[in-house]
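Just so it is clear, none of the values below were taken in a lab; they were calculated from the coordinates. It should be emphasised that the depicted structure is a prediction, and the values quoted were computed from it without experimental measurement. We place every Cβ from the backbone using ideal geometry, glycine too, and count neighbours over all the protein chains shown.
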Amino acid sequence: MVKQVQIGQTGLYVNPIGLGTNAVGGHNIYPNLSEEMGKEVVRTAINYGINFLDTAFYYGPERSEVLIGEVLKEKGNRQDIVIATKGAHNFVDGKVELNNSPTFLKEAVDKSLRRLQLDYIDLFYIHFPDEHTPKDEAVGALQELKVAGKIKAIGVSNFSIEQLKEANKDGYVDVLQSEYNLFKRSAEKELLPYTAANNISFVPYFPLAKGLLGGKYNINTTFEDGRSKNPLFQGEDFARNLQKVELLRKIAEDKQIEMSHLVFAWYLTRPSIDALIPGAKKPEQVIKNLPTLDVQLTQEEIDEIDLIFR
Ligand code: NAP
């Protein structure tokens, strides 16, 4: 039985290594995805005791939720699986707009429930803030859905500290999902201290910095997806980043562990980070992440990694 952790103050308990599913049916994020492979990734995760699945309406759009729904149906019993999904994107005449209005969010939850073939969602996030809706009103709508039993916990994602404070005026926010990894640590300034002080769980996305922290790329690696334009992967910055990754590799080799395990274990030492959602395109990647749970870091190792990426 894998160790389970509580997500913030919610009633949700998960294996700290979850699964991010933007590569499961996320055709608008990664080109040439096989949906059958995506379903196999989800099946493998569940078979290996991963019970925290992170999806969104936007991934596909819709396909990630649909494929996950099909796998859950196949499995028959979703009770032990914590499903997190997100909404806020609205496709209007081929263009995407963000909408956090109570009416839109309530409809978004109903549609996600249908695609996932579920009668409740464990954790529903507002995927991105819009410019118009007061954030406490948006979260208030989710609180009503929680009382109605349609969702079990409330999340917000990509919110600034001001938006988060406004969203949490009544203390309803359970989880914040934001970009955070060893290369992108700006959340340490205000977001992480706020979540830690308010018992909000912080779920970092891009934990492997789009694969860069997995240690398998070198200066000659080329990318066909969004990474070809991502600043982390450009010119001198890419070269400098790879040098840092090599320092990390040395620590991992001394401990005889994989780099990704070292990186994940480091995140789990941060206050208010309870669980991670690394993405995977293949079943092997899902299985490969699990030994993280056996990694013990000394305070010296935690500080050394901190310093390399400071
Ligand atoms: P990530 O975890 O930083 O990188 C995942 C990529 O790393 C994989 O697609 C794979 O790419 C590679 N990889 C996976 N396991 C590996 C391992 N053990 N060793 C080395 N490389 C490995 O980024 P992500 O998947 O884009 O983000 C994680 C999840 O966060 C997403 O699936 C999604 O659920 C969520 N997310 C949320 C938001 C939001 O706005 N809230 C935004 C982005 C993502 P290759 O096979 O190509 O190397």
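Suppose each label sits 7 Å from its Cα in the direction of the beta carbon; what would the Glu162-Ile219 distance come out to in nanometres?
That separation, rounded to one decimal, is 4.3 nm.
Any idea which of Ala138, Trp266, Gln117 is furthest toward the positive side of the dipole for the chain, if Lys and Arg beta-carbons carry +1 and Asp and Glu beta-carbons -1?
Comparing the listed Cα positions along the dipole, Gln117 ranks first.
List the trypsin sites (Lys or Arg not before Pro) within segment 115-201 that fall in a DSSP loop (any state other than H, G, I, E or B) and whose Cβ has at most 12 other Cβ atoms within 10 Å. Don't skip to the answer; put the middle values down first.
Values: sites: Arg115, Lys135, Lys146, Lys150, Lys152, Lys165, Lys169, Lys184, Arg185, Lys189; in loops: Lys150, Lys169, Arg185, Lys189.
The qualifying sites are Lys189.
Using only Cα atoms, find the angle between the long axis of helix 299-308 and the longest principal axis of the chain, and express it within 0 to 90 degrees, rounded to the nearest 10.
90 degrees
May I ask what percent, to the nearest 5, of DSSP beta bridges between residues of the chain are antiparallel? Let's see the in-between values first.
Values: 7 of 31 bridges.
Antiparallel bridges: around 25 percent, rounded to the nearest 5.
Considering only Asn158, Gln256, Pro278, whose Cα is most displaced toward the positive end of the charge dipole of segment 130-284, charges sitting on Cβ of Lys, Arg (+1) and Asp, Glu (-1)?
The Cα lying farthest towards the positive end belongs to Gln256.
Give the calculated FRET efficiency between Arg114 and Val147 to the nearest 0.05, with a Förster radius of 25 Å applied to their Cβ-Cβ distance. Kindly include the intermediate steps, with their values, before the conclusion.
Numbers: r = 21 Å, r/R0 = 0.83.
E between Arg114 and Val147, to the nearest 0.05, is 0.75.
With only alpha-carbon pairs counted, each pair once and no self-pairs, how large is the Kirkwood hydrodynamic radius of the chain in angstroms? Mind showing how you got there, number by number?
Numbers: mean 1/r = 0.0505 Å⁻¹.
That comes to 19.8 Å for the chain.
Which angle from 0 to 90°, rounded to the nearest 10, does the C-alpha axis of helix 135-147 make with the longest principal axis of the chain?
With rounding to tens, the tilt is 70 degrees.
Determine the percent antiparallel among the DSSP beta bridges restricted to segment 1-123, to the nearest 5.
Working: 6 of 12 bridges.
Antiparallel bridges: around 50 percent, rounded to the nearest 5.
Charges only on Cβ, +1 for Lys and Arg, -1 for Asp and Glu: so what's the dipole of segment 132-187 about the Cα centre, in debye to the nearest 20?
Details: 8 positive and 8 negative charges, 46 e Å.
Here segment 132-187 has a charge dipole of around 220 debye.
Name the longest site-free stretch of the chain, where the excluded sites are GluC sites (Glu not before Pro) in a DSSP loop with no more than 14 other beta-carbon atoms within 10 Å. Walk me through the intermediate numbers first.
Values: sites that count: Glu131, Glu190, Glu224.
Between the exposed loop sites, the longest stretch runs 1-130.
Could you tell me whether segment 189-310 comes out rounded, prolate or oblate from its Cα gyration tensor? Rule is a ≥ b ≥ c as square roots of the eigenvalues, rounded for a/c under 1.5, then prolate if a/b exceeds b/c, otherwise oblate. Don't skip to the answer; put the middle values down first.
On the way: a/c = 1.43, a/b = 1.32, b/c = 1.08.
Verdict is rounded for segment 189-310.
Over the chain, with a Gaussian network built from C-alpha contacts below 10 Å, which listed residue (Arg240, Arg43, Arg249) shows the highest mean-square fluctuation?
With Cα springs under 10 Å in the chain, the top fluctuation among Arg240, Arg43, Arg249 is at Arg240.
Most mobile of Lys106, Lys229, Lys39 per a Gaussian network model of the chain (Cα springs, under 10 Å)?
Lys229
What dipole magnitude, in Debye to the nearest 20, does the chain give about its Cα centre under +1 on Lys/Arg Cβ and -1 on Asp/Glu Cβ? Before the final figure, lay out each step's value.
Values: 36 positive and 43 negative charges, 84 e Å.
Dipole of the chain, to the nearest 20 debye: 400 debye.
With everything on Cα atoms, drop me the angle between helix 102-116 and the longest principal axis of the chain, reported from 0 to 90° to the nearest 10.
In the chain, helix 102-116 runs at an angle near 70 degrees to the longest axis.
Quick check for me: using +1 on Lys/Arg Cβ and -1 on Asp/Glu Cβ, what's the dipole size of segment 10-77 about its Cα centre, in debye to the nearest 20? Display every interim value, and only then the final one.
Details: 5 positive and 8 negative charges, 29 e Å.
My answer is approximately 140 debye.
Less than 14 Å Cβ to Cβ from Lys244, Lys/Arg counted +1 and Asp/Glu -1: what total charge do the surrounding residues give? Numbers along the way, then the final one.
On the way: positive: Lys184, Arg185, Arg240, Arg249, Lys250, Arg310; negative: Glu236, Asp237, Glu246, Glu304, Asp306.
Here the count lands on +1.
Out of Ile277, Ile219, Ile81, any idea which swings most in a Gaussian network model of the chain, alpha carbons joined below 10 Å?
Highest fluctuation among the options: Ile219.
Counting only other residues whose beta carbon sits under 9 Å from that of Pro283, what net charge do I get with K and R as +1, D and E as -1?
Values: positive: Arg43, Lys282; negative: Glu40, Glu284.
So the surrounding residues net to 0.
Sequence-distant or interchain residues sharing an amide H contact under 5 Å with Tyr125, placed H: which?
Thr85, Lys86, Gly87, Gly155
Determine the sum of side-chain charges near Met37: Lys and Arg each +1, Asp and Glu each -1, restricted to other residues whose C-beta is under 9 angstrom from that of Met37. Let's see the in-between values first.
Numbers: positive: Lys39, Lys281, Lys282; negative: Glu35, Glu36, Glu40.
Cβ neighbours under 9 Å give a net charge of 0.
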